Amino acid sequence: MSTDYHKMWAELGLDLKMHDALLNVLGEGYQQTFLTQKNRPEGMQYFDFVMSEVHGLRIKELRDAQAEGRVVVGSFCVFVPEELILAVDGISVGLCTGAEFGFDLAEKYLPRNTCSLIKSAFGFNLSKVCPYMESADMIVGENTCDGKKKSYEEFGKLVKNLYMMDLPQTKSASGKALLKAEYQRFQKALEELSGKKITVENLKKGIEIVNNKRKAIHRLAKLRAADPAPISGLDALLINQIYFYDNPVRFTESVNKTCDELEERISKKEGVFPPDAPRLLVSGCPMAVPNWKLPTIIEQSGAVIVGEESCVGERGTRNETVIEGNSVEELLDNIIERYFQIDCAIFTPNPDRKDHLIEMAEKYKADGVVHYSLQFCQPYDIESHNVEKELEEAEIPVLNLVTDYSAEDMGQLSTRVEAFIERIKE
Amino acid sequence: MINVGLDIGSRTIKLVVFKDYEMIHQDVRKNSFDNKQITEELLAGIPYDHLTATGYGRHLFDNTPNCSIISEIKAFALGVHSVFPHCRTILDIGGQDTKAISLDARGRMKKFVMNDKCAAGTGRFLEIMANALNYSLSEFGEAAFQADRAEKINNMCTVFAESEVISLLSKGADRSEVARGIHESIVSRAFSQLQKIGLEDDIVFVGGVAFNPAVKKILQDVCRKKILTPDNPQIIGALGCVLYARSQEREN
Ligand code: SF4
Ligand code: SF4
């Protein structure tokens, strides 16, 4: 980072010592994971820059926007509709929760056997190291898994502005009605917070911005799966992660620019992996920044990741919202239509997920799927059993892994991943 | 053609040397913090044409000329299949890992599971418990084999299990019955891994712990199936390495 942001961080109430420690770990991890890759697309320079300024320039942008009266809304789940936040001219940021930081503090509130994602949210908050959490005018929690919904009860005591969104657990008519009621309530809350009314016009604008962002990501998803792969899975994952907190319009432009470059590479048959590299999908729990452990192991073992069936990935970005409608309610219905299709494992039953996986495996010519559950994540871990069974029946090999954010099991994980790649090659 | 297979495990390093189709040398050494040095000692004076490494130290041979690297899982699949062509299920209990591997009829890996982080239920666990009971490793297995009943061990964690054992002894429990309990706890762990991949005949038990007569016997009782073990269950991984090199040669 070129500018010194310590003053801004102090104003936000960050613990400067802890925060410096976090930035060090992040910087080192980033260097080792991303910058050592060879022949990266030039377009990645933009995303490298965003990452290097993730606690600097981007936070300054948020603060400048707040000074102009715009609101910042932080969230943990892809069910929080960004379209509505943009409609009130707000800024939506995903709170990352991808690092083992402050777990000792988190365990004062949470049992040890809580998934890393939840612990990380608490850890970041309690160590006062996340400028996004501290900047947010509203933090949206959601009733998804038991771990999350119960821990938000405690989290609400730690932050001043937690807003709870209820979410359905079944894909039924009553489930959809619940989602609608909750999105309407969220609309009101946003209007109150921002002092701006949601209108057909500004909501259409919000939908358009998010649709364009998703279109760009869909384009990337298609291009990255070329053979040979023109971009590493790690870099593509990074773009999917940055999706959550960059300025959406600027992000869309940068993704499209990178895609132009990838198209050129593809026409020249230029890849970052050899043409015969095993091609894998990663599926399961979301991978938030800086959780790059498993993808790094996979790609260092010689396979290329050609897609993520994850909320940081296609489960989160699949489908656009229909923009036609003459009233806010009509548009809201379109939004609900889109979000209600998300096949998160908190739904029961959740058959679409394995269908999507099979579809993705075909579309991207994947040789296998690495299923990834965070330790203590019941929804994904339990669901993995059936996903594995159905995929294997469809002759798609599956490696089922359970891990967390610590580096302890790197050795075992790479043995398993290597053996899986050997199995695919047989 | 001299083909070397090397299995660099957490507790021991295993070496086999083949001249064409004949094994001309084998060796097993205790590992230390410096597995590079021990490997060099083992290989001293062996003019190999090709070396294949497996085991948790396999990456020692990354980017080394005339060397290839395969995972333990693949190495065991190949090694066991050559000794027991009808094998469909492999259990390997080594120094710090337990693995269960299922094979298809042609010996290709289908599914595999491994213990994660923790050393409970592995060879290291047995060593520590033998120590706590003041047995040598061979006495330990023998005592458990002979015991008529078992003292139940409730803790899976090595550290807690050790104090549980000590407290059992201080309460006057029989040493060999405690030994039996420890073996049963290892088997129940291994059994749950086997269940995940399915117990299809033939079942072959390998790795250093397969030398232990009590583990094998209890395993047979628990699975209600016949369990096979090769003469030297410890070198199966190294053997698999040599077979791998051979199959690559054929392909080229
Ligand atoms: S996995 Fe489910 S709960 Fe988690 S972000 Fe995705 S939709 Fe939300
Ligand atoms: S990873 Fe699983 S347990 Fe953790 S918050 Fe997500 S759904 Fe809940």
Conditions (1) away from ligand 2 (no atom under 14 Å from the Cβ); (2) assigned to a loop (DSSP other than H, G, I, E, B); (3) modelled with pLDDT of 95 or more -> A:Phe101 fails only (3)
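Taking the options A:Asn212, A:Asn240, A:Asn202, name whichever one is of a type in the set (S, T, N, Q), open to solvent by 30 Å² or more (accessible area, probe 1.4 Å) and within 19 Å of the chain's Cα centre (by Cα).
On the way: A:Asn240 fails: open to solvent by 30 Å² or more (accessible area, probe 1.4 Å); A:Asn202 fails: within 19 Å of the chain's Cα centre (by Cα).
Of A:Asn212, A:Asn240, A:Asn202, the one residue that is of a type in the set (S, T, N, Q), open to solvent by 30 Å² or more (accessible area, probe 1.4 Å) and within 19 Å of the chain's Cα centre (by Cα) is A:Asn212.
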Which condition from (1) farther than 20 Å from A:Lys17 by Cβ; (2) of a type outside the set (Gly, Ala, Ser); (3) buried (at least 22 other Cβ atoms within 10 Å of the Cβ) is the one that A:Cys130 breaks?
(1)
For the range A:104-132, name all the residues that are touching a Phe, Trp or Tyr at 6+ places or on another chain (Cβ under 9 Å), away from ligand 2 (no atom under 16 Å from the Cβ) and not in a loop (DSSP other than H, G, I, E, B).
A:Leu105, A:Leu126, A:Ser127, A:Pro131, A:Tyr132
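Given the criterion touching a strand residue (DSSP E or B) at 6+ places or on another chain (Cβ under 8 Å) and buried (at least 20 other Cβ atoms within 10 Å of the Cβ), identify the matching residue among A:Val140, A:Val159. Spell out the reasoning first.
Details: A:Val159 fails: buried (at least 20 other Cβ atoms within 10 Å of the Cβ).
Unique residue meeting the criteria: A:Val140.
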Pairs only if they're at least six apart or on different chains, beta carbon under 9 angstrom, first in the range A:137-153 and within 14 Å of chain B (Cβ to nearest Cβ) and closer than 15 Å to A:Phe376 by Cβ, second more than 10 Å from ligand 1 (Cβ to nearest atom) and among the charged types (D, E, K, R); list them, first residue then second.
none
When residues of the range A:382-394 are filtered for being more than 12 Å from chain B (Cβ to nearest Cβ) and open to solvent by 20 Å² or more (accessible area, probe 1.4 Å), how many remain?
6
Quick one: count up the residues across the range A:292-315 that are away from chain B (no Cβ under 14 Å), within 16 Å of ligand 2 (Cβ to nearest atom) and either farther than 26 Å from A:Asp355 by Cα or in contact with a helix residue (DSSP H, G or I) (Cβ under 8 Å, 6 or more places away or on another chain) (or both).
6
Which numbered condition trips up A:Gln378, out of (1) open to solvent by 60 Å² or more (accessible area, probe 1.4 Å); (2) within 13 Å of ligand 2 (Cβ to nearest atom); (3) within 14 Å of chain B (Cβ to nearest Cβ)?
(3)
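Right, A:Asn400: within 30 Å of A:Arg112 (Cα to Cα), more than 12 Å from ligand 1 (Cβ to nearest atom), touching a strand residue (DSSP E or B) at 6+ places or on another chain (Cβ under 9 Å) and not charged (D, E, K, R) or not? Outline the logic, then answer.
On the way: within 30 Å of A:Arg112 (Cα to Cα): yes; more than 12 Å from ligand 1 (Cβ to nearest atom): yes; touching a strand residue (DSSP E or B) at 6+ places or on another chain (Cβ under 9 Å): yes; not charged (D, E, K, R): yes.
In short, yes.
Among the residues of the range A:319-331, count how many are touching a residue at least 40 places away in the same chain (Cβ under 8 Å) and either in a loop (DSSP other than H, G, I, E, B) or within 16 Å of ligand 2 (Cβ to nearest atom) (or both). Lay out the reasoning, then the answer.
In the first step, residues of the range A:319-331 are kept if they are touching a residue at least 40 places away in the same chain (Cβ under 8 Å); the result is A:319-321, A:323, A:325-328, A:331.
The next check asks that each one be either in a loop (DSSP other than H, G, I, E, B) or within 16 Å of ligand 2 (Cβ to nearest atom) (or both); those that pass are A:319-321, A:323, A:325-327.
Within the range A:319-331, residues that are touching a residue at least 40 places away in the same chain (Cβ under 8 Å) and either in a loop (DSSP other than H, G, I, E, B) or within 16 Å of ligand 2 (Cβ to nearest atom) (or both) number 7.
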Hits in the range A:337-368 - residues which are open to solvent by 40 Å² or more (accessible area, probe 1.4 Å) and part of a loop (DSSP other than H, G, I, E, B):
A:Gln341, A:Thr348, A:Pro349, A:Lys365, A:Asp367
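When the residues of the range A:66-90 are narrowed to those that are assigned to a strand (DSSP E or B) and open to solvent by less than 10 Å² (accessible area, probe 1.4 Å), which ends up nearest to ligand 1 (Cβ to nearest atom)? Show your work before the answer.
Step one: of the range A:66-90, the residues assigned to a strand (DSSP E or B) are A:72-75.
Pick out the ones that are also open to solvent by less than 10 Å² (accessible area, probe 1.4 Å) and you get A:72-74.
Working: A:Val72: 19, A:Val73: 15, A:Gly74: 13 Å.
By that ranking, first place goes to A:Gly74.
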When A:Leu193 is run through (1) in contact (Cβ under 8 Å) with a residue 12 or more places away in the chain; (2) within 16 Å of ligand 1 (Cβ to nearest atom), the failure sits at (2)
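So that you can scan it fast, the table gives a plain yes or no per residue for (1) more than 14 Å from chain A (Cβ to nearest Cβ); (2) polar (S, T, N, Q); (3) open to solvent by less than 40 Å² (accessible area, probe 1.4 Å):
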position: B:Gly123; (1), (2), (3): yes, no, yes
position: B:Asn131; (1), (2), (3): yes, yes, no
position: B:Leu137; (1), (2), (3): yes, no, no
position: B:Glu164; (1), (2), (3): yes, no, yes
position: B:Leu168; (1), (2), (3): yes, no, yes
position: B:Gly172; (1), (2), (3): yes, no, no
Do we find a residue being in contact with a Leu (Cβ under 6 Å, 6 or more places away or on another chain) and within 14 Å of chain A (Cβ to nearest Cβ) anywhere in the range B:53-60?
yes
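For the range A:257-271, which residues satisfy the criterion of being among the basic types (Lys, Arg) and closer than 14 Å to A:Lys222 by Cα?
Going residue by residue through the range A:257-271, those that are among the basic types (Lys, Arg) are A:257, A:265, A:268-269.
A:Arg265, the sole residue that qualifies.
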Take the range B:62-121 and flag every residue that is within 12 Å of chain A (Cβ to nearest Cβ), part of a loop (DSSP other than H, G, I, E, B) and surrounded by fewer than 22 Cβ atoms within 10 Å (Cβ to Cβ).
B:Asp62, B:Gln96, B:Asp104, B:Arg106, B:Gly107, B:Arg108, B:Asn115, B:Asp116, B:Lys117, B:Cys118, B:Ala119
Which of the residues belonging to the range A:282-302 are assigned to a loop (DSSP other than H, G, I, E, B), small (Gly, Ala, Ser) and within 14 Å of ligand 1 (Cβ to nearest atom)?
A:Ala288
Contacts under 8 angstrom Cβ, first residue in the range A:78-103 being closer than 30 Å to A:Ala407 by Cα, partner among the β-branched types (Val, Ile, Thr) and surrounded by 23 or more Cβ atoms within 10 Å (Cβ to Cβ), 6 or more apart
A:Val93/A:Val73; A:Leu95/A:Ile139; A:Thr97/A:Ile118; A:Phe101/A:Val129; A:Gly102/A:Val129
Considering only the range A:377-426, how many residues are in contact with a His (Cβ under 7 Å, 6 or more places away or on another chain) and part of a helix (DSSP H, G or I)?
3
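The values are calculated or read from the model by the stated rules, or taken from the named source; none is laboratory data. In this text, all values refer to a predicted model and were calculated from it rather than measured experimentally. Ideal geometry is used to build each Cβ from the backbone, glycine not excepted, and the neighbour counts take in all protein chains shown. What goes into the accessible areas is simple: the full protein's heavy atoms, side chains included, and nothing from ligands, DNA or RNA. Shrake-Rupley method; radii C 1.70, N 1.55, O 1.52, S 1.80 Å.
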